[in-house]
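The values are calculated or read from the model by the stated rules, or taken from the named source; none is laboratory data. Remember, predicted model here, so these are calculated numbers, not experimental data. Backbone-built Cβ (ideal geometry, glycine too); neighbour counts: all protein chains shown.
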Amino acid sequence: MEWIQAHWTPGRTTVAPARALVAGCGTGAEAFAFSRRFPHAEIVAVDFSRRTIERAREYQQRDRHRRNVRFVVADLSAPGLERLIGGNFDLISCYGVLSYVPKAGRAFENLSRCLAIDGALGIGVNGAGHASVGMRAALPGFGYDVSRFADEPRVWQVLSLFDALLGHTQLAERVAARSADVVASDIFGALIQDLPLSGWVRRARSAGLHFQNSFSSHWALRLTVEQGLCELLMPRSRARVSALLETLRPAPFHMLLFTRQPVVDPPWRRPKAVEDWRPLLTGLFPLKRRPPLSGALRTVRLDSSAINTRIEWPMTQWQRALLCGADGRRAVRRILGAARAEVPPRDVAEFLYVLHQLVVIAMLPPRTPDR
């Protein structure tokens, strides 16, 4: 959630949506988590299975703090979803669902219609690197129909064989270590859509949604920062960097963020113009201890407990001044002017670009004369 807020409402440490939708809620675990986090929000939770919705309502009756959740039986791709659950949701979460929806394009259209103009949609979907891609192709050679799951000893032996051949040594990697329910839906099943990033982005774009970023990007970007290589990505947007990573290594699972409003990127090709933009700390990497502004080179530690990431970065005096001055009100040149720092615009743009890619800061457009 902190990662979503860093893109959606950067700089605000506490953001409570007035209305939130959990699309594909199962027995309600995610909806109840939203209820705890946003106790004053109206939360609607939808699932196509009447049985799971009944179970969720049973859980709800046991805890009075869960009463702000409304459970609804509905198909995400069916016409009239907005009439059934309402619209104007500030936040929509659809995790582990769309890969199994036959008409995912229509589901995207429904979710887009239900989303507020300034809202955020987070989805979790299978990628082209998902284990089911190869395993579903190999299972018929062992006599199994991938559309039907039989919980028998031999099928687990075959899955263990696949894990061994693929080098799945970690428990989280091993398909044969998962529960029967998970294997029945993630490996077997009549329909599993394992699409590359471009496929999911294309479907969302057709529904009027704009791709913001992929959650997995920060892991790779941290390594580029440590090796001093991140500047080579300029002037690619966050979305284009995510696409590059997908090209190099197709992801097994995507956690993606979309909005109805287009993404506005700074003019990275024109470093001088970047100095008119206003940097703003997103809160994803909170500065618990303000680094000293004096001294030539000091190591600044950026910690994010939300995404379990730490970066130790030797910064010059002017870099520390920009980081500490990123309040969203002052333009880059004003911050540097107050620090009495004269730096080549290219160096400034490269530094801000790295912070922007890491979602340490957001870059706000220049103020218009009437603001």
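The helices (runs of 4 or more DSSP H) located wholly in the range 1-76 include none with 2 or more residues which are in the same structural domain as P102 (by TED's automatic domain parsing), surrounded by fewer than 19 Cβ atoms within 10 Å (Cβ to Cβ) and at pLDDT below 90. Scanning the range 129-176 for residues that are surrounded by 13 or more Cβ atoms within 10 Å (Cβ to Cβ) and either under 26 Å from the mean Cα position of the chain (by Cα) or of a type in the set (D, E, K, R) (or both) turns up G129, H130, A131, S132, V133, G134, R136, D163, H168, E173, R174, V175. Tell me, please, whether a residue that is modelled with pLDDT under 95 and surrounded by fewer than 16 Cβ atoms within 10 Å (Cβ to Cβ) can be found in the range 197-219. Looking through the range 197-219, at least one residue is modelled with pLDDT under 95 and surrounded by fewer than 16 Cβ atoms within 10 Å (Cβ to Cβ). Note on the range 287-301: residues that are in contact (Cβ under 8 Å) with a residue 24 or more places away in the chain and in contact with a Ser or Thr (Cβ under 8 Å, 6 or more places away or on another chain) total 0.
Note on the range 342-356: among residues that are at pLDDT 95 or above and of a type in the set (D, E), the one that is farthest from the chain's Cα centre (by Cα) is D347.
Only residues that are closer than 20 Å to L98 by Cβ, hydroxyl-bearing (S, T, Y) and touching a helix residue (DSSP H, G or I) at 6+ places or on another chain (Cβ under 8 Å): list them for the range 15-73, please. Result: T27, single match.
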